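Since the structure comes first, as structure tokens, the remarks are kept for the end.
Nothing in this text is a laboratory measurement; each read-out follows from the coordinates by a stated rule. In this text the structure is predicted, and so the values were computed from the model without any measurement. Cβ atoms come from the backbone with ideal geometry, glycine included; neighbour counts cover every protein chain shown.
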Amino acid sequence: MKSKMAFLLLALSAAVRNEGRAGNNRALTPVLLVITALGILGVPATHVAAATPRNPDAWVDLTTDLGANLMQATWRYRDARIVETTFPSPDADGQPTGAPAPTNDIEPHAGGVDFDDSAWLAVAPQSLSQRRGTGRVSFNWYRVNLTIPQRVDGFDPTGATVWLETRLDDYAEVWVDGELSRAYGQAGGSVVAGWNAANHLLIGRNVHPSQHIQLAIFGMNGPISDAPTNFIFVREAKLEFLAGSGAPLALEPQEVNVKVERTDPRINDIVAPNAKLFKVAEGFQFTEGPVWDRKQWALLFSDPNHNTIYRYAPSGELSVFRDQSGYDGTDIAEYGQPGSNGLTFDPRGRLTINEHGRHRVSRLEPDGTLTVLTAAYQGKRLNSPNDLVYKSDGALYFTDPPFGLPRFFDDPRKELPFSGVFRWKSGRLQLLTAELKGPNGIVFSPDERFLYVSNWDPQAKTVTRYPVRPDGTLGRGEIFIDLTHQIPGEEALDGMKADIQGHLYISAPGGVWIFAADGKHLGTITAPKAVHNFAWGGDDGRTLYLCALGALYRIDLLVPGVRP
């Protein structure tokens, strides 16, 4: 113990000297992480790593008109109330599957990024210190939408990290872009820090001007067990900007909020009654096209916006697997998504890559070279191959909408007059169908009797089911699922997968929609951020990894998925 303590004092002494020279605590954090790893401090490394910067490059006071105007921020306020409800009693395993029992809940649930607070009271920044709520045991919400400016006191925030420091009288929880993350033993950050203690948390990584960040702060009067004779108010709320590397990173898994809609009892055989969702990595521009690599025991996935394939290992390692994964042309700046999208393995275990910017499908050979499988149909280059799946006979099926082109359907680079679903085998490319405007996700039923294709089309948010003929071509398709009138807006259907029992999983607005083989909607898993694709991983194939905008989540399910 003496030697450990001596190391602790020496390390801290060196770090403090470093901090004095550097003018901030960035040099201190790695030392503390090493100490934590040795077990000296007895706290999880993730919480020490979340320590906030002491000397930011710029800061903004959100309790002033000047600060709020800079961030284009309007504070909104509403009291919250306790409402009566019911919840299943615990079973023998402690899980909520028993008879409904009376309990309480909070209303409204206003942490979601899309929650409509337009009718709430608009609060002037300087009046945030006004006492609010009903006193005694009471709760409330403060919501504000921030827009990253071009400059903050001369500081360019592009690529920076942004921290929030807020202090409510008496307690607070902080939702960021619809997400309330927490880790075992955590104190502060997104959850209650202590009696009138500050919540200090990272709210933006690798930000850019015009980016929006939604904050929802849940206030609590306390102590709750000794109902106070006062009210709730905001003591401080400020932003700290710190120049950052802009690189994504793996996290110690953090539990985040998840909602499971259960529309059919069969969903309980797929999603556990107390299922947990964890965030394992963040800081990406856009995550897509995941596939589990059984040889490396890791997840590969694309960031088409960043032109990169990443590798994530459950041990907590994140690395670049392949850069320039979809394009390296001189006009790359014109592309929103020049990189790779869908990834899968062929029956021989070789990675196959849909390359947006190069308009082609390629295969990564064991020696690291690329073999182009196909790049054109009848002399015209492909649009931007999107998703893909192999049949057990080695035939590759893929979708080819124009969503990787800078101007989509109107892009002058587009040579094919349609968006196709193709089959490739032994060097021969066949067009199977061109009837869908935006063919996107693609998956076989476990017995390969049917091929499902999702459609990214705001006017036809559908999944078409095609019978597969003995020669691998498709019979006449039928609309298997139609969510056009259930899902408003411009977003449509994206990636799809199937589990070994034939359930179909679809990325769509609202989350991961799960359907039975008969087309009945069983339920929906809603993550904090919009999910665009997913893949099963882990030893038993029951861990579903979700690609959700700039984050990577995982959730353990009860049924294994079909994996290449």
### Message
Quick query: amide H of Q211 versus all other amide H atoms, modeled in the peptide plane; which residues come in under 5 Å with a sequence gap of 5 or more or a different chain?
### Response
I148
### Computed E for N104/E490 - FRET, C-beta separation, R0 35 angstrom, nearest 0.05
0.40
### Message
Can you work out the Karplus-derived ³J(HN,Hα) for every residue in the stretch 208-215? Use 6.51 cos²θ - 1.76 cosθ + 1.60 with θ = phi - 60°, whole Hz, and x for glycine or proline.
### Response
9, x, 5, 5, 9, 10, 9, 10
### Query
So what's the Cα pair-distance distribution over the stretch 123-257, bin width 10 Å, in %?
12, 39, 33, 13, 3
### Query
Excluding N104 itself, what net charge comes from residues whose Cβ is under 15 Å from its Cβ, given Lys and Arg +1 and Asp and Glu -1?
-2
### Message
I need the calculated FRET efficiency for the pair R350 and F418, taking r as the beta carbon distance and R₀ as 25 Å, to the nearest 0.05.
### Response
0.30
### Summary
Here FRET efficiency (C-beta to C-beta, A187 to Q211, R₀ 30 Å, nearest 0.05) is 0.55
### the chain - mean residue ellipticity at 222 nm from DSSP helices (-39,500 (n - 2.57) per run, n ≥ 4, rounded to 500)
-2000 deg cm²/dmol
## Note on the structure
The answer for the net charge of residues other than Y377 whose Cβ lies under 13 angstrom from its Cβ, with Lys and Arg +1 and Asp and Glu -1, is +4
### Task
Please list the non-local residues whose amide H lies under 5 Å from the amide H of Y335, H modeled 1.01 Å from N, same-chain partners needing a gap of 5 or more.
none
### Task
Would you mind checking the tilt of helix 2-22 against the longest principal axis of the Cα atoms of the chain, expressed as 0 to 90 degrees and rounded to 10?
90 degrees
### Query
For the stretch 267-335, which trypsin sites (Lys or Arg not before Pro) are both in a DSSP coil and crowded by at most 16 other Cβ atoms within 10 Å?
K276, R294, K295
#### Entry: Relative contact order (%) - the chain, alpha-carbon pairs under 8 angstrom, separation at least six
10 percent
### Query
With respect to the cross-link table entries K461/K520; K259/K279; K425/K497; K437/K461; K414/K461, which display a Cα-Cα separation exceeding 20 Å?
K425/K497; K414/K461
#### Entry: For the stretch 438-451, Karplus couplings with θ = phi - 60° (6.51, -1.76, 1.60), whole Hz, Gly/Pro x
x, x, 10, x, 8, 7, 8, 5, x, 8, 6, 6, 10, 10
#### Entry: Qualifying trypsin sites (Lys or Arg not before Pro) in the stretch 516-564, DSSP loop, other Cβ atoms within 10 Å at most 14
K520
### For the stretch 522-563 and the stretch 160-212, distance of Cα centres in Å
25 Å
### Summary
Rounded to the nearest 10 degrees, the helix 28-37 long axis (Cα) sits at an angle to the longest Cα principal axis of the chain of 80 degrees
### Task
Could you pull out the GluC sites (Glu not before Pro) across the stretch 463-564 that fall in loop regions by DSSP (anything but H, G, I, E, B) with no more than 12 other Cβ atoms inside 10 Å?
E490
#### Entry: Hz values of 3J(HN,Hα) by residue in the stretch 234-247 - Karplus curve (6.51, -1.76, 1.60), Gly and Pro given as x
9, 7, 7, 7, 9, 10, 10, 9, 9, 4, x, 6, x, 8
### Task
Quick one: net charge around R266, please, counting Lys, Arg +1 and Asp, Glu -1 for every other residue with C-beta under 11 Å from its C-beta.
-1
### Query
Once fully extended, how much extra length lies between R381 and T330, figured as 0.36 nm per residue of separation less the alpha-carbon to alpha-carbon distance?
16.5 nm
### Message
If I model a spin label as a point 7 Å beyond the Cα along the Cα-Cβ vector, how far apart are those points for D367 and I82 in nm?
### Response
7.2 nm
### the stretch 180-276: proportion of alpha-carbon pairs further apart than 24 angstrom, %
47 percent
